[in-house]
Structures are given as C-alpha cells and as structure tokens.
Amino acid sequence: MAARTAVHCGLSGSVMAAPTQRAAGWGRRLCTVAAPRPWRLFGAMCLLRLPRITQPLEKEEEEMAALMGQIELEKSQYSDHEIRKMEEEEQLRKRRESTFDDDGAPSQTVIMAQDLEEKWEQKLLRFEAAPRITDADKNNNRTSLNRRLDSNLMLLVKQKIGNQELWLLPQVEWQPGETLRSTAERAMATFLGDRIQAKILGNAPYGIYKYKFPRAIRTEDNVGAKVFFFKAFLQSSDLSQAELKEDYLWVTKDELGDYLKSEYLKKVNRFLLDL
C-alpha cells in the first residue's frame, strides 16, 4: 500500500520496491485522472460545400484539351452510329447508280442516321446552359449556397467569445464522456440543427488551434483553450430544413481573411485545400 500511495502522490519514480508492474501502472493511471486540466477543450467542424461545376479552363488548358481530343478522334474506332451512317450512304450511292434494287423490300418508314443527326442538332440548338454566375454572385450574397459554384465554400458562424463576437468555424466546448469528434458533431448540430446531412471525414482532428486567455482572467487551472478541427462535406444542397441559429456565412478560402483573425486563419489554412 505504501508503494501505491507514493505513486498516487506522483513519486513513483523514487519508489524502489513497487509490488508489481501492474501496481505501478495503476498508480500512473490514477495520477493521470487526478491531474488538473488547465486547458479548456473545444471541438470545431469545418463544413465544406464541394464545387458543383468545374473551373473555367486557362488558355493553355483549352489548347491541350483540343489537342488530346484530336488525338483521341484520330485513334478511335468508328461508333455504331458512324458505321450505320456509312452503310446508308453506300446504299444511297448504289441507288443513284442503279446498281442497288430494293423494290422487294417491304414499305416502311425508315429513320436514317442523317435524320437522327439533324434531330440531335436541333435539340442542341434549343439547349441553354445554366449561367456560371448566379444572382447570389451578382449580389455578393454570402449567406447563399448558390454562389461560387466552381469553388469550395466553408461555413462560418458568429460566436461570442468573452466580450467579443467573432467569426469562427462552428465550435462548442468538450463535455466529459464525449470524443472530440462527437463534440465537433454537436457543434454542427448546434448551429444547423439535427436535419443536416454531412459526411464527416475520419475520427482524428485535422488541425489544432491553441491560445491563452487574457492575463486578467488567466489562472493556473484556466490557462487557455485548445480547439480541435474536424472536416465534413455537406451532402445536401437544400438547407431549407436546417435550423440556422446564428449569423452565418458561406465563404471561399480566399474570402476567409475578411473574417478570421490572422493566427486562427493560419491554422485553418494548414488543412484546407482548394483545388
């Protein structure tokens, strides 16, 4: 019991005759549990809306795409439609030369390959592509998901930290019994409601941001906070059922600097990719 008491008091290194390795291990675990937690822990969720369209090609990319298309065309095999068209053209040529007799063929309406092509061309002329620039882009409405369709959008919410209101990733404080991932999930549900559909990536955090409290409120048992960042992809483009409880924004990586503080932004940029 003396060894256990010593270990409990944090003197396991000076005890020469611990009863067993198990007893020593028990003592170390007891010390870990009893240790104070000077840092408050938070879980934050980096929720991303993925791009809906591809980014416009640069001039060099357009030239390369045209070259690869030409190479593919030259090396490709004829499609069934092309073979059919060539056979019909050959039949028409023979018919003009009077070397092909189809009087014995039953009378029926035949849709030629050329007729199909003309039909497809008319359909293409009627097609109108959706604009790449939306009304939300024109109005710079950063609360809308229907903007910057060729880029990732990240959710920011305004939260009160001390006496300040700051734009941050959705975050809440860790509670005993939770994993850090479940804390981050709770942060997302706190600001978006339980009906949000998102795919969370992994069980380990992607980054960490640590800061100390102001000296006026800092104590040995309350030094500062550690924020653990997790990532998730938004799977629903319709947030009409979401219960947005705070001021929020959907911003691109380039726009984060308009809202986040510099040190916080550095930590976020370390794990945020925008390809």
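Of all the strands (runs of 3 or more DSSP E) wholly in segment 164-237, which have at least 3 residues that are not polar (S, T, N, Q)? Outline the logic, then answer.
Details: elements: 164-168, 171-173, 198-200, 207-212, 224-234.
Of the strands (runs of 3 or more DSSP E) lying wholly inside segment 164-237, those with at least 3 residues that are not polar (S, T, N, Q) span 164-168, 198-200, 207-212, 224-234.
Do we have Q55 as in contact (Cβ under 8 Å) with a residue 60 or more places away in the chain, more than 30 Å from T183 (Cα to Cα) and open to solvent by less than 100 Å² (accessible area, probe 1.4 Å) here? Even if it seems obvious, please write down each step before you answer.
Numbers: in contact (Cβ under 8 Å) with a residue 60 or more places away in the chain: yes; more than 30 Å from T183 (Cα to Cα): yes; open to solvent by less than 100 Å² (accessible area, probe 1.4 Å): yes.
The answer is yes for Q55.
Considering only segment 110-133, state which residues are open to solvent by 60 Å² or more (accessible area, probe 1.4 Å) and part of a helix (DSSP H, G or I).
Just the residues of segment 110-133 that are open to solvent by 60 Å² or more (accessible area, probe 1.4 Å), to begin with: 110-111, 114-115, 118-133.
If the condition is that a residue be open to solvent by 60 Å² or more (accessible area, probe 1.4 Å) and part of a helix (DSSP H, G or I), then Q114, D115, E118, K119, W120, E121, Q122, K123, L124, L125, R126 are the ones that fit.
Just give me the residues in segment 146-163 being open to solvent by 100 Å² or more (accessible area, probe 1.4 Å) and outside any strand (DSSP E or B), in sequence order.
Of segment 146-163, the ones open to solvent by 100 Å² or more (accessible area, probe 1.4 Å) are 160, 163.
Hit for segment 146-163 is N163, nothing else.
Taking segment 134-145, which residues are part of a loop (DSSP other than H, G, I, E, B) and open to solvent by 100 Å² or more (accessible area, probe 1.4 Å)?
So the first thing to find is which residues in segment 134-145 are part of a loop (DSSP other than H, G, I, E, B), and the list is 134, 139-145.
If the condition is that a residue be part of a loop (DSSP other than H, G, I, E, B) and open to solvent by 100 Å² or more (accessible area, probe 1.4 Å), then N139 is the only one that fits.
In segment 58-71, how many residues are surrounded by 12 or more Cβ atoms within 10 Å (Cβ to Cβ) and not in a helix (DSSP H, G or I)? Walk me through it before giving the result.
Of the residues in segment 58-71, the ones surrounded by 12 or more Cβ atoms within 10 Å (Cβ to Cβ) are 64.
Then keep just the ones that are not in a helix (DSSP H, G or I); that gives none.
Final tally of qualifying residues: 0.
The values are calculated or read from the model by the stated rules, or taken from the named source; none is laboratory data. As the structure is a computational prediction, the values presented were derived from the model and not from experiment. Every residue, glycine as well, gets a Cβ built from its backbone with ideal geometry; the counts of neighbours run over all protein chains shown. Remember, those area values only see protein heavy atoms, side chains included, never the ligands or the DNA or RNA. Shrake-Rupley method; radii C 1.70, N 1.55, O 1.52, S 1.80 Å.
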